[in-house]
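Asks: Provided herewith is a single structure, encoded as structure tokens, for subsequent inquiry.
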Amino acid sequence: MKKISLFIVGVLALFMQYSCSELDEKVYSSNLTTNFYTSAEEIEGAYMRPWSHLLFCDTYYYLKLRTLGTDMAAWTTKTSENHGYDNALWSELHKHTWGTRHGEIESSWNTVWEGIGFANAVLEGIEDKDFEEMGVSISKAEMQAQLRAYRAYMHMIGLDFWRNIPIVTKVGDPYYPETKSAQEVFEFVETEFLAVKGSLPNAFEPYAQGFFSQQSVEALLSRLYLNAETYIGIDKYEDAIKMCDAVISSDFFELEADYLDAFSKDNNLSKENIQVLTQKGGSSMSAPLHALTCYWSNHVDAGGWNGIITQEGFYDSYSDDDARKNQFAVGPQFYADGTPVYIEAGNPGSGQLVYSKEVTTFHSEGLFEGARCKKYEAIAGLNWNQEYDIVLIRYAEVLMNKAEAIMRQSNGQADQTAVDLVNEVRERAFGDKFAENKYTTTTLTLDELLAERGREFAYEGHRRTDLIRFEKYLQPRWEKESTSDATRILFPIPQTQRDINTNLKQNDGY
């Protein structure tokens, strides 16, 4: 199935490139749907479209909303020429001053509904098709389960960003969907995941790579339940523990010996990665992390934007003995063969590329201030079409989720089980210096767990949700002087969409 996607996704993009974000548009006529799903190739190509959509959107749009505005990263404005100002998009995210017409928030909203629309369109298109007769390479039941799980995941993204959103399971029906409560959205996501789980393959079975498995749905449910008290005000920590235990007891997963192996160009082989989005160099496209963070001339000679930097305090939260610190580029930069990276003529700056960990202000004269995260192993020349898979959820998160759920059941107190789970993840970061860096039931507090989650999951799209769950998101921090209003926990529903659909109720404070 992965090979099929490389040839067909580009063609299908032309056929299926529509916007369900403008929820008043009817996209498909029944005649077009009937005429298209006439062969196994067309069905399998249509099936791949939602996944290629998510591959780009998760790494480009959603990562920025999940990362900027936290204590971890910032898209700073650089030099007197205001490189990276971009009409204050990034400073508004950083300072929590966005409005109802913020471009990145609107793009995230639009692409969530596009993804849901892609899944719904395929579900409707295959409804009366005989997969065995047509020779489709997976069963109809499995394809339907995958698409329903995908649709639930997209609603889960919407729940995290906006809470109160429509629930949409058919193309164009209803014509103007109304906002549902966070409770209803939560229950929809939970119910869909539980309903389809048994129809999905186990991890690492044929066609499971890059798609949902029983274990990845269980892992996502552990994430959903861990955040239930934040999302809907209901404690579901016991359910989170049960889902973590289901993944752990499957015996399919283990931590990589080297932290960065989970992000290598061959991470499709990783036993740590529970859910990934697959890509193939030159054939599918994500927004690679090095493009968002690194300078135009960089360690893989693939054009970066010199955009997102790591805040100095976050970088300094890593001990020098912590191997996870190696995911950051600081100091003089070199190519893989040891050759120095020089700033090319015509680009701002000169000499060898050198990043400093120090960041003076949000609007600085320094082009090279701030550590740059490069945790994925990028290959020179591939630029935005890399070989590595994008990681959505790792085994390390399941272990950490269980530890946190245990602690929250005990008013934040860690027992030995919670400590052992976190130490299992932490040990590989310190190697032979682990003994002096391991946690105990005294040193593993909730605040320390939040810090450790930050170090473990940097730039993996967890930080905003974690800070909200730990009630730290609104606090003052570097270049953000005041506590944000509580309404900033949620993003606004874009006003352009409310102008189209008056059934969309705006979140409080906007």
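The values are calculated or read from the model by the stated rules, or taken from the named source; none is laboratory data. Quick caveat: nothing in here was measured; it's all calculated off a predicted structure. Here the Cβ is made from the backbone with ideal geometry for all residues, glycine too, and neighbour counts use every protein chain on show. The accessibility values were calculated without ligands, DNA or RNA, using every heavy atom of the protein model including side chains. Shrake-Rupley method; radii C 1.70, N 1.55, O 1.52, S 1.80 Å.
Asks: Straight distance only, please: which lysines reach the Cα of Lys438 with their own Cα at less than 19 Å, same-chain residues fewer than 8 apart left out?
Replies: Lys325, Lys402
Asks: May I pose another question? Charges at C-beta only: +1 for Lys and Arg, -1 for Asp and Glu. How large is the resulting dipole of the chain about its Cα centre, in Debye rounded to 20?
Replies: That gives a dipole near 600 debye.
Asks: Still on this model: Can you give me the distance in nm between label points at Phe334 and Ser137, each placed 7 Å from the Cα along the Cα-to-Cβ direction?
Replies: Using points 7 Å along Cα→Cβ, the separation is 4.2 nm.
Asks: To continue, here is another question. Zone of Ser410 (label point 7 Å along Cα→Cβ, backbone N under 17 Å): which residues in segment 449-468?
Replies: 449-450
Asks: Under 8 Å for C-alpha pairs, at least 6 residues apart: give me the relative contact order for segment 45-200, rounded to a whole percent.
Replies: The normalised contact order for segment 45-200 reaches 20 percent.
Asks: Say R0 is 30 Å: what FRET efficiency, to the nearest 0.05, do Asn35 and Glu178 get from their beta-carbon distance?
Replies: Working from the Cβ atoms, E equals 0.40.
Asks: Which percent of the accessible area of segment 288-385 is formed by carbon and sulfur heavy atoms (probe 1.4 angstrom)?
Replies: Answer for segment 288-385 is 52 percent, counting heavy atoms of protein chains only.
Asks: Okay, next question. For the chain, report the % of Cα-Cα distances exceeding 45 Å.
Replies: In whole percent, the share of Cα-Cα pairs in the chain beyond 45 Å is 10.
Asks: Another question, if that's okay. So if R0 is 45 Å, what FRET efficiency would Glu424 and Thr97 give, r being the distance between their Cβ atoms, rounded to the nearest 0.05?
Replies: According to the calculation, E is roughly 0.65.
Asks: Charges on Cβ only, +1 for Lys and Arg, -1 for Asp and Glu, centred on the Cα centroid of segment 43-140; of Cys57, Thr100, Val112, which one is farthest towards the dipole's positive end?
Replies: Thr100
Asks: Sum -39500 (n - 2.57) across every DSSP H segment of at least 4 residues in the chain, then divide by the residue count to get the 222 nm mean residue ellipticity, nearest 500.
Replies: Rounded to the nearest 500, the figure is -12500 deg cm²/dmol.
Asks: In Å and on Cα atoms, what radius of gyration and Dmax does segment 318-455 show?
Replies: Values for segment 318-455 (Cα only, Rg and Dmax): 19.3, 59 Å.
Asks: Using a Förster distance of 35 Å, how high is the FRET efficiency between Asn87 and Thr417, based on the Cβ-Cβ distance and rounded to 0.05?
Replies: E(calc), rounded to 0.05, equals 0.10.
Asks: How much accessible area per residue does segment 45-200 have, in Å², with a 1.4 Å probe?
Replies: Here the residues of segment 45-200 average 32 Å² of exposed surface.
Asks: Within straight cross-link reach of Lys140, meaning Cα distance under 20 Å, which lysines are found once same-chain residues fewer than 8 apart are removed?
Replies: In chain and number order, the partners are Lys2, Lys3, Lys129, Lys170, Lys197.
Asks: Okay, next question. Measuring from label point to label point, each 7 Å out along Cα→Cβ, what is the Glu205 to Asp128 span in nm?
Replies: Label-label distance for Glu205 and Asp128, simple model: 3.0 nm.
Asks: Using 0.36 nm per residue, how much length does the chain from Asp235 to Ala486 gain when fully extended, once their Cα-Cα distance is taken away?
Replies: Value of the extension gain: 88.3 nm.
Asks: Angle, helix 214-226 long axis vs. longest principal axis of the chain, Cα atoms, 0 to 90°, nearest 10?
Replies: Once rounded, the angle reads 60 degrees.
Asks: Here's something else I'd like to know. Can you list, largest first and rounded to whole Å, the semi-axes you get for segment 43-152 by taking the square root of 5 times each eigenvalue of its Cα gyration tensor?
Replies: Ellipsoid semi-axes (Å, largest first): 40, 12, 11.
Asks: Among rounded, prolate and oblate, which fits segment 288-385 when a ≥ b ≥ c are the square roots of the eigenvalues of its C-alpha gyration tensor, a/c under 1.5 means rounded, and a/b larger than b/c means prolate?
Replies: Because a/c hits 1.5 or more and a/b fails to exceed b/c, segment 288-385 counts as oblate.
Asks: With a 1.4 Å probe and every protein chain kept in, tell me what percent of the accessible surface of segment 45-200 is carbon plus sulfur.
Replies: Heavy-atom surface of segment 45-200 belonging to carbon and sulfur, 1.4 Å probe: 42 percent.
Asks: While we're looking at this one, here's another question. Please state the relative contact order of segment 138-230 as a whole percent: Cα pairs under 8 Å, 6+ residues apart?
Replies: 30 percent
Asks: Counting only C-alpha contacts under 8 Å and six or more residues apart, can you give the relative contact order of the chain as a whole percent?
Replies: In percent, rounded to a whole number, it is 19.
Asks: Now a separate question. Over segment 288-385, give the accessible area per residue in Å² for a 1.4 Å probe, as an integer.
Replies: 40 Å²
Asks: If one takes the longest principal axis of the Cα atoms in the chain, at what angle in degrees, from 0 to 90 and to the nearest 10, does the Cα axis of helix 103-125 lie?
Replies: 30 degrees
Asks: Net charge within 12 Å of Lys505 by Cβ-Cβ distance, Lys/Arg positive one each and Asp/Glu negative one each, not counting Lys505 itself?
Replies: Net of charged neighbours comes to +1.
Asks: Just the number: Rg to Rh for segment 417-510, Cα atoms, Kirkwood Rh, two decimals.
Replies: When Rh is taken as the Kirkwood radius, the ratio is 1.16.
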